[in-house]
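Report on the structure given below.
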């Protein structure tokens, strides 16, 4: 046989082999995993999509169990809490947080935002039927707004990340506060829209966002934005819906699915509420209420006895928050994010700012009366009414995910209050926490807050 | 007719395929001739090719009969011819048939022709005219396996007439004088001279030089002489003379450029193997292992700590966990090839960055069936045990430490001084690792075969106890088989090999109560192990290690490897091959904390605890190939093309249970409560095409090019495929005429070089995908999932560029062989956990970093046959390696998570430490260099803007290493002495993690006698800082200082093997083939200045159980 025939045979076989193998390109593509879910597929299945949204709440729940718990850190930075042993997160108590402080709730919030962005991107592409898709999309959109609300209030200008694409997000710069708020409002309005048809909580559990949950944050955001009209409108909507009622019994307010709660984080039955563990002491106190918080309660205020507990330690009486009463698994409460009392206080403040004093005082008195206090006189001045509302917010919403710290900042009273609370220690720049150093290093466009 | 039938078969098949017409005519001619003659019945039995014959004046007929019986060759002749034959007198011992025939027919009035297995005898032609007739010669040259040799030179002796055989080993010579002699030579084979004849079949025997031994390479074989790449072989004899459990241990010190370290002296321990240094910062640095064509995992499959934790003493080691290669019986291995440079490795493409290790199992051999029995017994102890303080010294140190810290010890803070007995002196170290490991091995191998079928079947059993206390063992057993079939026409070959090995590894004191070696040896020597009632005593804050050692970890591994290899010669020069292989390796684990191992508090809290885990990996590989061989001009062209389809799946589950109320129930899941559980399922698929072209010009110039295109599921869409390639060349200058003329003392000389790229895909699977996984808990009753990683679809392979130059020389007929190699490998495109700002959602993802790691060095190898007399032989093998590892660049190092580990321009194994300048005689405090002059000693890196005072104190990889083996043979005796030398630095007993005992506020903190040389009173000079019971910054600075880094070089008598084989006279009386008795020792002697346990484990700042010194006595018998 001649040589060129052999060549031909060789080449033909080679080409056949080559095409057979390159034809198998699909061979090296992963289509399915059994231990993990492909992000690209999660949102095309109702069950996994629902699990992914539940995962966002679960991550937030997990974050309350970390050192980055916002209630404790803002309480220490502000005038609600102090460290008893002189060590635990002392930099927060001293308003001298280091930029490499490991507890700063920054990456945790951005991780949740990543989950929200991934869900929004996934659901926008999803083949799921519209009702399911809208419900889940609404929740994700709300949750993104909720977490940005905390970022912007803790750190000021923050990068506004609305994508999961690293090439876009890894070099992001900080976005002005106003623009972040704009995005928050946009998200909330859209969430309201998407969640519009579902006023009822699934299975009676108030642990997933509904239209009213989005509305509750919206009224809070408008309040912070000093948009009094919208603040009173949206809080009014919630109150008028008659979906929620103030719990007459203070000890029931934080109970699972209490009539007052608007959004709570569901607790896995095997777990305790971490915040309860931080406050309720088995051996020695770690974090306790400041004297100013204890002293701010009026005589006869039931909240001081129901929501605060005291113990004698080393001859001194120490007080600690007791909104969550159990350190055992499966406690009677859920970790509460939104409840009706706040909406009354928002409407009261918005009314007062609009000089609708009788309406404002009426709302305020509902809260006072439940706490066993006398109603305020309708003759109160606007300034007096606003001051009364701020006081009421302090004693009603203490140790509840940062309300007091944010109130001090948005009302411009922080320097005055803190100079009295921590004389010689307080520095005005401490109102904004530092951006974590690791991110400043990793992202050249990220700038630090002044003073760090 | 009978004859014709045989004759038809006897005609070489290759002739038919080349020119069927021609053959037909030839066959016809033969038929005509043959009708007139008779024949000898041919039997189909295969017999030896060698003839032993001693006759005096015997008739030719008798001689022919003898040859037929001995070889199976048949003869064709006319009976009438024999009348003219002359009586024959010959004395032949094992003579090849050609030689025998030429002697026998010398002077006879006949000429003969050999055609395959038929010898045709014809009357010698009477010269028609006085002029000798010129012959037209058609011939073929084959090797001992009847495989054609292409490129062999056929020369007419004393003339310039010469030719080269073609791809099918065929040659043609015209106009050759009838009485001429042909000289047939082929590199690697012994020359042969043969009388010229019209038809010739020449069989060449392989040369016995080491240069010509078969060397396995990727998808083929070669010899060292003709190789363009860098391949080292370790053969079965070297493995067999070492009493090792893991065959990788047998490679220690044997191969230049190969660094092998065993992590501990316990069976099943991981063995770290690095070919030419660390290439990758974050991805795998393991070589690719291929066993009989099937890729084998290099990473352990254990899903839960256990056996591996005891083995490595601490988790988090480089190559932690056990070694899966442990499940391969060293006795089943024929050879291990280590592929190092681009030329040798590029054919493996994306997995070859760290080199390739090819393991070939034993195959059956032709010949009478042989039964081999091998039994051995041995014992082992750990190599070194530094002495710890006795109770008196320990208590004195505690008192001094307390006094120095101004602490007044109390019964509560220091029970050693108050409530423990000062008279008890328990040697924890001796108790834990002071035992003797006993080994028993037995092996049985049956092998044999004929021209068509060869087979091998073997079984093996290995039983080993450990140095640990308690019921511990390592048992391994299995079978290995191999069958090879060759069709009669040599076109088809089918080979299948398989082995199955199972092991059972039980070590004491693992499970979740991990008694770490470093903690046990430092326990207070007067700790009261038992209370007054003889029960285990638990003092709060202390561990009762004797109790805790009743915890155990057990693992069972099953390893099945099978492959089928089919080769078919489609046309002359073209072969089709297909290889189908599977490997299935499965680990089952059972780790238990019985109640006896738990303190009463923990018994109440958790009850007995058990972890059950299993993990199985299966690999299927299919590799079709085609090869083409052709002679072009004076050279031979070899082309290989092929493809790979590989599918690799790993599935495993872990269940952790608590609440066992009795130690009798620990083997069942039924009696515990599930505390946690998990599973994994990973698929890794691989697709590629590869090709290789080799052109060998006259055995002087060889060029070799390799190309591979790989696709892998470890990379994202559009990034799965990568192309790798290499070019290698060799110049055998000793085959040049000028060399032959002027440098006759140079028997072999070769310059070779290669350059190419290989890849590294040794990262986890699915890193490019954005994935959702389970959250820690569910959200209430709703199953919840959350993103587990941020995908990076863009990352690509790590690319390793390899450059190598080498010179190979042979002197005095190759009695002295020398190889000198220079190499430089650069790994770029490093796959690391790339730091991301957390605003992206995650703090890192897998990405390529343009960091560059360089490994370069020199390697030398020398083999000499010093004495080669009949009775006494002495040979020496020597190797030496000078490796250098350097981080050339790393953009963004200062802000990366590696900022405190690496320094540009230094090795990746750089050791950073504070610089200890002595102890202040006045205060007893250590003094350290304040590198940045800030007045404080900060123990972070002084480089990369880390603001610390830790500077380069050395590196934890060798400066150079080597080995020397001397083999002496005297009659039946053989003595092998192998020394290993490593020049290196490492962490010693003064280092932080080892010596945190200077702070005596922790219970159980004994130290070693070396640490007694501490400051005691003002004026003490040249001593260690004073001990303290409460740690200070000064103390920490000392613990992290260069005082803890020192020389860890060692010279070790790695192997000593003495064997005696019974002489043939006795053997024949015993009616056995061979009998060998041997005594083998491993790690018998270590000479080192190292302060610590074994210097082999000095590269990590942790304590490891030292390797064992072993002595084995065995007997090997072949029936």
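General observations
- Normalised per residue, the volume of the convex hull around the Cα set of segment A:290-395 (Å³): 111 Å³
- Structural descriptor for chain B: relative contact order 10 percent, calculated from alpha carbon pairs under 8 angstrom and at least 6 residues apart.
- Taking the alpha carbon gyration tensor of segment B:213-285, multiplying each eigenvalue by 5 and rooting it gives semi-axes of 24, 19, 9 Å, largest first.
- Net length available on complete extension from residue A:257 to residue A:326 is 23.2 nm, with 0.36 nm assigned per residue and the Cα-Cα distance removed.
- Under the simplified labelling scheme, the residue B:1009-residue A:374 pair shows an inter-label distance of 8.8 nm, with each label point 7 Å from Cα along Cα→Cβ.
- Stokes-Einstein D for segment A:1-143, Kirkwood Rh over Cα pairs, 10 °C, 1.306 mPa s (µm²/s): 79 µm²/s
- Separation of segment B:608-675 and segment A:296-348, taken as the distance between their Cα centroids, equals 56 angstrom.
- Measuring how big segment B:1014-1061 is from its alpha-carbon positions, Rg and Dmax come out at 20.8, 68 Å.
- Ordered by the number of other Cβ atoms lying within 10 Å of each residue's own Cβ, fewest first, A:241, B:940, A:258 fall into the sequence A:241, B:940, A:258.
- Pairwise inverse Cα distances across segment A:176-225, averaged and inverted, put the Kirkwood hydrodynamic radius at 11.5 Å.
- Over segment A:334-407, all Cα pairs binned in 5 Å intervals from 0 give whole-percent P(r) values of 3, 17, 30, 25, 16, 7, 2, 0, listed from short to long.
- For residue B:371 and residue B:117, a Förster radius of 25 Å and the Cβ-Cβ distance give a FRET efficiency of 0.25, rounded to the nearest 0.05.
- Taking segment B:583-664 and dividing mean pair separation by its residue count, relative contact order in percent (alpha carbons under 8 Å, at least six apart): 37 percent
- Between helix B:60-71 and chain B there is an angle of about 20 degrees, using the helix long axis and the longest principal axis of the Cα atoms.
- Here, segment A:262-310 has an Rg and a Dmax of 13.9, 39 Å when only alpha carbons are counted.
- In this simple spin-label model, placing a label point 7 Å from the Cα along the Cα-to-Cβ direction at both residue B:146 and residue B:159 gives a separation of 3.2 nm.
- Based on the convex hull around the alpha carbon atoms, segment B:145-251 presents an average projected area of 9.0 nm².
- Rounded to two decimals, the Cα radius of gyration of segment B:874-993 over 2.2 N^0.38 Å is 1.59.
- Projected onto planes of every orientation and averaged, the convex hull of the alpha-carbon atoms in chain B covers 53.3 nm².
- Alpha-carbon Debye profile of chain A, log10 I(q)/I(0) at 0.07, 0.12 Å⁻¹: -0.39, -1.07
- Kirkwood radius, segment B:931-1089, all distinct C-alpha pairs, inverse of mean reciprocal distance: 20.5 Å.
- Compactness relative to 2.2 N^0.38 Å, alpha carbon Rg of segment A:25-77: 1.77
- Compactness relative to 2.2 N^0.38 Å, alpha carbon Rg of segment B:363-414: 2.95
- Whole-number percent relative contact order across chain A, with pairs defined as alpha carbons under 8 Å at least 6 apart: 18 percent
- Debye equation applied to the C-alpha atoms of segment B:937-995, log10 I(q)/I(0) at 0.15 Å⁻¹: -0.70
- Dimensions (Å) - segment A:215-321, Cα atoms, principal axes, largest first: 51, 36, 26
- All Cα pairs of segment A:161-266, percent lying beyond 21 Å: 47 percent
- Debye-sum result for the protein assembly as shown in log10 I(q)/I(0), which assumes one identical scatterer on each alpha carbon, at q = 0.05, 0.06 Å⁻¹: -0.56, -0.76
- Restricting the calculation to Cα atoms, every distinct pair contributes to the Kirkwood radius of segment A:371-452, found to be 15.6 Å.
- When the alpha carbon gyration tensor of segment B:458-510 is reduced to an equivalent ellipsoid, its three semi-axes come out at 42, 8, 5 angstrom, largest first.
- Ranked list, fewest to most other Cβ atoms within 10 Å of each Cβ, for B:271, B:655, A:168: A:168, B:655, B:271
- Between helix B:391-405 and chain B there is an angle of about 50 degrees, using the helix long axis and the longest principal axis of the Cα atoms.
- Averaging over all projection directions, the Cα-based convex hull of segment B:638-758 occupies 15.2 nm² in the image plane.
- Two-site FRET efficiency, residue B:737 against residue B:190, from Cβ-Cβ distance with R₀ of 25 Å, rounded to 0.05: 0.70
- Folded to 0 to 90 degrees: helix A:340-353 orientation relative to chain A principal axis, Cα: 70 degrees
- In the protein assembly as shown, the calculated helix contribution to ellipticity at 222 nm averages -6500 deg cm²/dmol per residue, counting -39,500 (n - 2.57) for every DSSP H run with n ≥ 4.
- Here the residues B:1117, A:385, ranked from fewest to most Cβ neighbours within 10 Å of their Cβ, fall in the order B:1117, A:385.
- In terms of overall dimensions, the C-alpha atoms belonging to segment B:1024-1119 reach 78, 20, 18 Å along their principal axes, ordered largest to smallest.
- Just so you know, the Rg over Rh for segment B:1059-1104 is 1.44, from Cα atoms, with Rh as the Kirkwood radius.
- Estimated FRET transfer efficiency when R0 is 25 angstrom, pair residue A:46-residue B:653 (beta carbons, to 0.05): 0.35
- Placing dummy labels 7 Å off each Cα toward the beta-carbon, the span from residue B:888 to residue B:632 is 3.4 nm.
- Its alpha carbons give segment B:789-944 an Rg and a Dmax of 24.7, 79 Å.
- Cα principal axis extents for segment B:318-367, largest first, Å: 41, 32, 13
Just so you know, all these numbers are worked out from the coordinates, no wet-lab data involved. Since the model is a prediction, treat every value here as computed from it, not as a measurement. Backbone-built Cβ (ideal geometry, glycine too); neighbour counts: all protein chains shown.
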